[in-house]
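Here's the structure we're looking at; comments come further down.
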Amino acid sequence: MPPKAKITKEMVVEAAFEIAREAGWECISARAVAERLNCSTQPIMYHFATVDGLKKAAYARADSFHSEYLMNVRGPQVMLEIGLNYIRFAVEEPRLFRFLFQSNYFAGTTLLEMIDAEELMPVLSAMQAAIGGSISQIKEIFVTVFLFAHGYASIIANNSLKYDENIIKLQFERAYRGAKAAASEERNG
């Protein structure tokens, strides 16, 4: 009799991630993951003592996937591209968006802590190089455009609002220009 295939922790996390992506994070369970991996629940519970621990690991995988998606920037307008990617993510991956930003698995940090996160520094530095100003002014601009993008993305991920990239891009550019103008006024005033 051949040995059974070993179910790794990575396989379990990937299966839970795919379940969240296809059906929603609420559908992650030891049984659902076991069915996806064609095994018993024993390997799942071996790697994760609780379903909550499994969901946290799936959340971390979704967060990494989201970060890679956001940073796929091709144009010179870094902030605009990241903002549009953020909204596109909600269009293309609404279940993952809800898992990441509308579940109790969101880290729960404040907006200020999020903006001070080390992971955001490449974006802030690129913005600073493109438009100048102090890092605190860049953070103010970022907050405005982030809140705009998050609002749009949340509406799209939770409702049947039609996604029209041209309209969203125009409105996002307006929010961005407005935030830059406000920061400039504060710098000069």
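Quick note: the coordinates plus some simple rules give every number you see, no bench work behind them. From a predicted model like this one, the values you see are computed outputs, not experimental measurements. When we count neighbours, we look across all protein chains shown, and the Cβ atoms used for this are built from the backbone with ideal geometry, even at glycine.
What is the Cα coordinate range of the stretch 74-151 on the first, second and third principal axes, sorted by size from largest, in whole angstrom?
Taking max minus min along each principal axis of the Cα atoms, the stretch 74-151 gives 36, 27, 19 Å.
Tally Lys/Arg at +1 and Asp/Glu at -1 over every other residue whose Cβ is under 15 Å from the Cβ of residue 169; what's the total? Please list the in-between numbers first.
On the way: positive: 74, 88, 162, 174, 177; negative: 81, 164, 165, 173.
With Lys, Arg at +1 and Asp, Glu at -1, the neighbours total +1.
In percent, what relative contact order does the chain have, based on Cα pairs under 8 Å that are 6 or more apart in sequence? Before the final figure, lay out each step's value.
Working: 173 pairs, mean separation 38.4, N = 189.
Contact order relative to length: 20 percent.
Would you check the chain for Lys pairs whose C-alpha atoms are within less than 19 Å, ignoring same-chain pairs closer than 8 in sequence, and give me the count?
4
For the chain, what is the mean residue ellipticity at 222 nm derived from helices alone (per DSSP H run of n ≥ 4: -39500 (n - 2.57); sum divided by total residues; nearest 500 deg cm²/dmol)?
On the way: 10 runs with 136 residues, N = 189.
For the chain, the value works out to -23000 deg cm²/dmol.
Using DSSP to define loop residues, name the trypsin sites (Lys or Arg not before Pro) in the stretch 1-72 whose beta-carbon has at most 10 other beta-carbon atoms within 10 Å.
On the way: sites: 4, 6, 9, 21, 31, 36, 55, 56, 61; in loops: 4, 6.
In loop regions of the stretch 1-72 (DSSP not H, G, I, E or B), the sparsely surrounded trypsin sites (Lys or Arg not before Pro) are 4, 6.
Mind grabbing the base-10 log of I(q)/I(0) for the chain at q = 0.08, 0.19 Å⁻¹? Debye formula, identical points on the C-alpha positions, no solvent, two decimal places.
-0.34, -1.24
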